[in-house]
1. Hey, among the residues in the range 405-417 that are surrounded by fewer than 16 Cβ atoms within 10 Å (Cβ to Cβ) and in a loop (DSSP other than H, G, I, E, B), which one's nearest to the ligand (Cβ to nearest atom)?
2. Kindly indicate which of Asp508, Asp474, Asp482 is exposed (fewer than 14 other Cβ atoms within 10 Å of the Cβ) and among the charged types (D, E, K, R).
3. Enumerate the helices (runs of 4 or more DSSP H) found wholly within the range 1-95, keeping only those where 3 or more residues are within 15 Å of Glu373 (Cβ to Cβ) and of a type outside the set (D, E, K, R).
4. Of the conditions (1) free of Cβ contacts under 8 Å to residues at least 40 places away in the same chain; (2) of a type in the set (S, T, N, Q); (3) buried (at least 16 other Cβ atoms within 10 Å of the Cβ), Gln178 fails just one. Which one is it?
5. Could you tell me which of the residues Phe307, Phe247 is surrounded by fewer than 19 Cβ atoms within 10 Å (Cβ to Cβ), of a type in the set (Phe, Trp, Tyr) and in contact with a helix residue (DSSP H, G or I) (Cβ under 8 Å, 6 or more places away or on another chain)?
6. Restricting to the range 451-495, count the residues that are in contact with a Gly (Cβ under 8 Å, 6 or more places away or on another chain) and closer than 17 Å to Ile418 by Cα.
7. Give the residue, chosen from Gly216, Gly157, Gly167, Gly225, that is in a loop (DSSP other than H, G, I, E, B) and surrounded by 23 or more Cβ atoms within 10 Å (Cβ to Cβ).
8. For Pro484, state whether it is over 23 Å from Asp258 (Cα atoms) and within 16 Å of the ligand (Cβ to nearest atom).
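A short reminder: the numbers here are calculations on the coordinates, not readings from a lab. Just so you know, these numbers come straight off a predicted model, no measurement behind them. All Cβ positions, even for glycine, are placed from backbone atoms using ideal geometry, and neighbour counts span all protein chains on display.
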Amino acid sequence: MIKKIRQVLIIDFGSQYTQLIARKCRELAYSCEIVTVEDAKERFFHGRLPRAVILSGGPQSIYEDNENYNFLFQNEKMPILGICYGMQLLGHYFKGTVQKGKTFEYGRALIFFLQDKFRFANLPQTLDVWMSHADHVATISDELEVVLKSSSGIVAGIRHKSRPILGLQFHPEVHHSQYGREIIEYFLKEMAHLQKDWSADTIYLEIVEQINAIKGKKVLCAFSGGVDSLVAAKLVAQVDPSNLFCFFVDHGLLRPQDYSHIKILMEQSGLNINIIDAKKLFFDKLALVGDPETKRKIIGSTFIDVFQEKVVQFEKEHGIKFDLLLQGTLYSDVIESKSPHGKGGKSVTIKSHHNVGGLPDRMNIKLLEPLREIFKDEVRALGKRLELPKRWIYRHPFPGPGIGIRVMGPISEERVAIVQQSDQIVLEELEKFQLYDNVWQAFTVFLPVKTVGVKGDGRAYEEVVCLRIVNSVDGMTANWPDLPYNFLQTVSSRITNEVSGVTRVVYDITSKPPGTIEWE
Ligand code: XMP
C-alpha cells in the first residue's frame, strides 16, 4: 500500500527475530522494510538502493547455502549491520572463516569489548546479551577487526576498518539483550547517518491518503472487534462512513468479555456492524477434531464459507455489490504468511496464524489492508490518535480461532463453556487486583485429563483447567509473571467452586521459548 521508499532494508535470512529488528528501527523512528534475499537482489540490480542494510540471522550454515550474496557488499558506501548469520556472511565475504559449531549456544551470554577504543555508543565494557547460534566467525582478514568477544572466547562483534560495516554474533533486537536498542541506534544514527522519518503521524497521513483514494467504493469488513479490525474500520469510516459494512462471525469460541465488547461496539463505535450467528455449524464441524493445525484450518475455512454466504445474501437483499474487502492484516501477518514456502521468505512457521487468508480469492474481491505495513504497537498508537477508548485499544490479544485452540483435543460445547466461565473469573480477578494492564495475556486452557479430587464428602473425578498468564513485549518471547499468591489463590478457589465439573487448577510456568503462549 505505502509506496514511499523506506530507509533501511532488512534482509530476512530466516531468523525468528527478523520482525524484532524492524520493530526496533521503527521504535527509534527510522522507516524500514523487511524483504527476502530475492527482493533485495532485484532492487540492488535495478539500482534501487536503500540508505542502510541490516542482514538478519538465519538457521542455515553459510557453507551449506549456495546462493551468491556478493551483491550486498559491492557498494563501498553502503552501511551494513550483520546480525548472527548476517555477521557470518560478512566475515565470509571479507575472506575470513566461519566455524561450524558442535553445539548450539542459546540464551544469555556475557560479551566484552576487547579494547577501550572499540567501545561505541558509550556502552559499558561488558554486556549481557542474547545469543542463538551454532556457527561462529573463527578468523578474519586484515580488512576487519574483532571488537567484541564472549566470555566463552567466541568472536561476538567485528567491524570493517574503513567501511561502515558492523557484525554482531548476538541479537541486539531481542528484548533480553542489554543495550540492544542503543546498539541499533548507534548503527542507524552514527554509522549510517540516517534522519528520523517514522512516527504515528507519518503513518496516519499515508494511510488516510490511501483511503481517500478509494472514497465512494463499497467496503466490506471482516470485523472481529479486536484492535486491528477496529482501527482499520474506524480509519475507513472516518473518510466514508456510509459505504462501510462490517460483518462479525460468531463462531461460538469467544469469551464472555468478547460478546460484551461486540455489544458495546455496536452501540458506541458508530460502525455499521452485522452479526452472523454460526455457532452450531462450527461446533458440528469441530466435534471430532483433535489436531491443532486441522482445527485452525477448519475454523478458517468455515469462517470463509459462512462469511461469503451471508455477504452474498446481504448484497442481494440490499441491491449492492461490494468493491473491496477491508482486513486488519498487520505487517507481522504479511511476513509470516510469506514463509516458509512463499516467495522466498525463509522464517520457519511454528503455527499457521493467518486465520482467513483465503477469503479474498474465494470472494474474488480486492483487498484493502491499511495496516499491512505496521505492527501492533503502531496500530495502538493510531487508535489513540483516533481517540478510541483505552479499553478498546489495549485489550489483550486473542487468537482468531479463539477458545478452539484452548480446549486441548476435540471441542465440545461443555468444554468451551468451562473455559468461558474460567476466563471470566480470571478477567474479574485481574481487574479487581488491578493486574489487567500489567500482563500481556491471561487465559485458561482445558486439559483433556481427568483428575481425582474431593468435593464435599465425596470423591470427584473431574476436569483440569490450566491458567496461562504471560508477560511479553511482542508475543515472540514471553515469561510467566510473578503474580501475587493472593490473586492465584482467589482465581483457583473461584474456578473450582464456581465452574461445575472442575476440581483442579494448575498454573503454567513455562516461558516462550521453549513453550509457545497458546497450548496448541
Ligand atoms: P504463540 O502461541 O505462537 O502465540 O506463542 C503468539 C501470539 O499469537 C497468538 N496466536 C494466534 N493468533 N491465530 C491468531 O490470530 C492463531 O491461530 C494464533 N495462535 C496463536 C497468541 O494468542 C499470542 O498472542
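1. Filtering the range 405-417 for residues that are surrounded by fewer than 16 Cβ atoms within 10 Å (Cβ to Cβ) and in a loop (DSSP other than H, G, I, E, B), the one nearest to the ligand (Cβ to nearest atom) comes out as Pro410.
2. Selected residue: Asp482, the only one of Asp508, Asp474, Asp482 that is exposed (fewer than 14 other Cβ atoms within 10 Å of the Cβ) and among the charged types (D, E, K, R).
3. Result: 18-27.
4. Result: Gln178 fails condition (1) only.
5. Every option except Phe247 fails the conditions.
6. 4
7. Of Gly216, Gly157, Gly167, Gly225, the one residue that is in a loop (DSSP other than H, G, I, E, B) and surrounded by 23 or more Cβ atoms within 10 Å (Cβ to Cβ) is Gly225.
8. Answer is no for this residue.
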